[in-house]
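Quick notes on the structure that follows.
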Amino acid sequence: MKVNHLVKQAQKGNKEALLQLILADKDAYYRLAYAYMGNEHDAMDAMEDMIVTLYEKIDQLKKREAFYSWSKTILVNRCKTLLRKQNRFVPLEDDKGPLFAALTDDNPYRDTESEMNMQVLLSHLNAQQREAIELRYVHDLPYQTIADITGAPLGTIKSRISQGIQKLEIVIGGGSL
């Protein structure tokens, strides 16, 4: 598989291979960073930090096929670190968690009315449920990656998503999502 080959080359020090891996999923990285950081400049800073960290630690990656989930975990950790340094980190207990920024007016990926409806719906969830659901359904991350990113056990992530979906179904009148 091409990804495994590129990861193998990157682990041997091939910067071009690492760049190809990153560019292949650059939009997903940007959307994820933007969701946490809330603006383009800070999102780009987080991505730059991620690239440096990937280059420095690529040899520590054991499963080549897990490159993308591993790199996205690093990106989220870089975002959280930058937010803490800027004293902007919003703890998960707060009603408007860091991922809520993905649905604000200055987000270039915001899709008008449907996103506003999503914002209203997600406001009915607690911060942990909202973060898990956004990572799963907005950023299309697998459950295990969400668990790695948040530091919560896999079962807890599944529970947060399930409970959040149940809440959303009640809010929209009992229909299924």
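The values are calculated or read from the model by the stated rules, or taken from the named source; none is laboratory data. On a predicted model such as this, the values are computed, not experimentally measured, just so you know. Here Cβ is always computed from backbone atoms with ideal geometry, including for glycine, and neighbour counts include all displayed protein chains.
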Problem set entry | Residues located in segment 106-129, provided they are at pLDDT 85 or above, over 24 Å from Asp42 (Cα atoms) and either surrounded by 15 or more Cβ atoms within 10 Å (Cβ to Cβ) or out of contact with any helix residue (DSSP H, G or I) (no Cβ under 7 Å at 6 or more places or on another chain) (or both) | Leu125, Asn126, Gln129
Problem set entry | Among (1) out of contact with any helix residue (DSSP H, G or I) (no Cβ under 8 Å at 6 or more places or on another chain); (2) assigned to a helix (DSSP H, G or I) - the single one Ala132 does not satisfy | (1)
For this session: Test Leu82 against the criterion of being buried (at least 19 other Cβ atoms within 10 Å of the Cβ), assigned to a loop (DSSP other than H, G, I, E, B) and modelled with pLDDT of 80 or more, and give yes or no.
Result: no
For this session: Might you let me know whether segment 43-61 holds any residue that is basic (Lys, Arg), under 21 Å from Ala17 (Cβ atoms) and surrounded by fewer than 20 Cβ atoms within 10 Å (Cβ to Cβ)?
Result: yes
Problem set entry | Candidates Ala17, Ala24, filtered to the one that is surrounded by fewer than 16 Cβ atoms within 10 Å (Cβ to Cβ), at pLDDT 90 or above, more than 17 Å from Asn77 (Cα to Cα) and small (Gly, Ala, Ser) | Ala24
Problem set entry | Filter pass, Asp148 being among the acidic types (Asp, Glu) and either modelled with pLDDT under 50 or assigned to a loop (DSSP other than H, G, I, E, B) (or both) | no
Exercise. Which one of these is in a helix (DSSP H, G or I), modelled with pLDDT of 90 or more, within 15 Å of the chain's Cα centre (by Cα) and of a type in the set (A, V, I, L, M, F, W, C): Phe67, Phe100?
Worked result: Phe67
